[in-house]
Each structure stands twice: as structure tokens, then as C-alpha cells.
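Presented below is the structure to which this report refers.
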Amino acid sequence: MHLSARTLNSLIFIVLLASAFISACAETAHKEMPVACQTGCKSPYGKMLGKSPRGIEAYSNCQSGCVIFEPNRLNGTYTGIKWQCVEYARRWLLVNTGAVYGDVDIAADIWDKIDHLTDVYTQKPIPLVSHLNGSTQAPEVGDLLIYAKAFNGTGHVAVVTGIDIKNGLVEVSEQNFDNESWPGDYARKITLIKKGGEYWLLDGYLLGWKHAKT
């Protein structure tokens, strides 16, 4: 097909105009992102960091001071604000148990203010039992590790996704802890010791774990 010079110039102009529009939109979106979400990032905001053993993806929040009030939903169910630790734990529970916990202002509030999960299909409450670090009850896969408010002023929540009692290790999946790529199908490994019949996770600011009583 032969195009006239005039037609060809028009097509080039349209392509250049479209490129300029896309670049302008990208630049505007970048400018609207808070400074805290653009600087000091351990990895770019929104980058996938890893997947839990059951395939639940975790994304970078840049660094702990970054907050973008953009809600995330999975199959119509609200999971939280992207890409906070609370969002990941709620999304993990939704996929693996079909239940979620209620709203909290900060992650540390889960310890005192959340005493149950809610089944999203039946609305049935599922009790959550709290075990202080040093409990006689060892953590289990699916338990939520809750950290005190002194950690970054908000606390933190992570999900136990692997446990090796014999070798004293617990694997966790999480978002917005160090915002670095995972070394495997877990974000971190935490040392677990048993002393006098009590189980201790050697991790600073950890209050304990919450277990869904099904």
C-alpha cells in the first residue's frame, strides 16, 4: 500500500501526539504520588516482591513512610490500602480461608481490637485466640504475627506461612516490612525457641500471634 507524503506526515503527527499524551499522563501520575513513595525506596512502589507458598503475591510499598490511600479489592471484597502490611494479611486470609478481619487504624490494633474473622460468604464469625510471645502454644501456619505500635509507630502484621519446629524456624509472608525482594516463597525466617515449655519467636517488637479457632 502506497501512502502519500501528506498522509504519512499525518500519521507521524498522530503517533507523536499520542506519545506525548501518554508521557504527560505518566508524569502527572508520578507527580501526584507522595514524595515518601518516590524517595528512599528499597524497591519501586508496586513492584512484586514475592509469592507465598500458596501464590499470594506481595508488593513493594517503597518504604514504611509511604501511604497512598488507594483501596485494593479481591473478587469484590475490600482487602485494605495498597500496599500496606494489613492489606496483605487480609488478602492472604481471604484467599486461604474465605474470611477477613475488620478495619483497623494501624496494624498494632489487631492485637487488642480484633477478636474474630468474618466469613465473607456466610458472615459467620470465626474467633481469634491471642497467644503472647512465650506461649505454650506454638505458632501455626495461618497465624498472624502482631507487632507493637513502637515498631514504626504503627506496628506490623505478618502471616506464618511455614514452620519447622525441629530446626526452630518460622517463615513469614508480608508487605511493607523491609520492601525488598523475597529470598524464596517467604519474606523472612524468624528463629523459634522452646524454653520451659514456652515458645518464643526471637523478633523485636513482636507481641505474639493470633490463631483462628475453627
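The values are calculated or read from the model by the stated rules, or taken from the named source; none is laboratory data. Everything numeric in this text was worked out from a predicted model, so none of it was measured. All Cβ positions, glycine included, derive from the backbone under ideal geometry; neighbour counts span all protein chains shown. All accessible areas refer to the heavy atoms of the entire protein, side chains included, with ligands and DNA or RNA removed. Shrake-Rupley method; radii C 1.70, N 1.55, O 1.52, S 1.80 Å.
Looking at this structure, is Gly76 more than 22 Å from Ile106 (Cα to Cα) and modelled with pLDDT of 95 or more? Yes. Across region 90-148, the qualifying residues are those that are under 20 Å from Leu74 (Cα atoms) and hydroxyl-bearing (Ser, Thr, Tyr), and the one among them that is most open to solvent (accessible area, probe 1.4 Å) is Tyr121. Can you say whether Ile81 is surrounded by fewer than 21 Cβ atoms within 10 Å (Cβ to Cβ) and in contact with a Ser or Thr (Cβ under 7 Å, 6 or more places away or on another chain), as far as the supplied structure shows? No, not satisfied. Of all residues in region 100-134, those satisfying the criterion of being of a type in the set (A, V, I, L, M, F, W, C) and under 16 Å from the mean Cα position of the chain (by Cα) are Val100, Val104, Ile106, Ala107, Ala108, Ile110. Tell me yes or no: at least one residue of region 53-69 is open to solvent by 50 Å² or more (accessible area, probe 1.4 Å) and among the basic types (Lys, Arg). Within region 53-69 (the criterion being open to solvent by 50 Å² or more (accessible area, probe 1.4 Å) and among the basic types (Lys, Arg)), the answer is yes, since at least one residue qualifies. Check region 165-173 and report whether any residue there is at pLDDT 95 or above, farther than 28 Å from Val67 by Cα, part of a loop (DSSP other than H, G, I, E, B) and open to solvent by 30 Å² or more (accessible area, probe 1.4 Å). There is at least one residue in region 165-173 that is at pLDDT 95 or above, farther than 28 Å from Val67 by Cα, part of a loop (DSSP other than H, G, I, E, B) and open to solvent by 30 Å² or more (accessible area, probe 1.4 Å).
What number goes with the only condition from (1) part of a loop (DSSP other than H, G, I, E, B); (2) surrounded by 14 or more Cβ atoms within 10 Å (Cβ to Cβ); (3) under 20 Å from the mean Cα position of the chain (by Cα) that Gly153 does not pass? Status for Gly153: all satisfied but (2). Scanning region 95-135 for residues that are part of a loop (DSSP other than H, G, I, E, B), of a type in the set (Asp, Glu) and within 16 Å of Ala212 (Cβ to Cβ) gives a single hit, Asp115. Of the residues making up region 122-135, at least one is of a type in the set (S, T, N, Q) and under 17 Å from Leu202 (Cα atoms).
Tyr88 meets each of the listed conditions (1) part of a helix (DSSP H, G or I); (2) more than 29 Å from Tyr199 (Cα to Cα); (3) modelled with pLDDT of 95 or more apart from (2). For region 174-209, the tally of residues that are touching a helix residue (DSSP H, G or I) at 6+ places or on another chain (Cβ under 7 Å) and either without any contact (Cβ under 8 Å) to a residue 40 or more places away in the chain or open to solvent by less than 20 Å² (accessible area, probe 1.4 Å) (or both) stands at 3.
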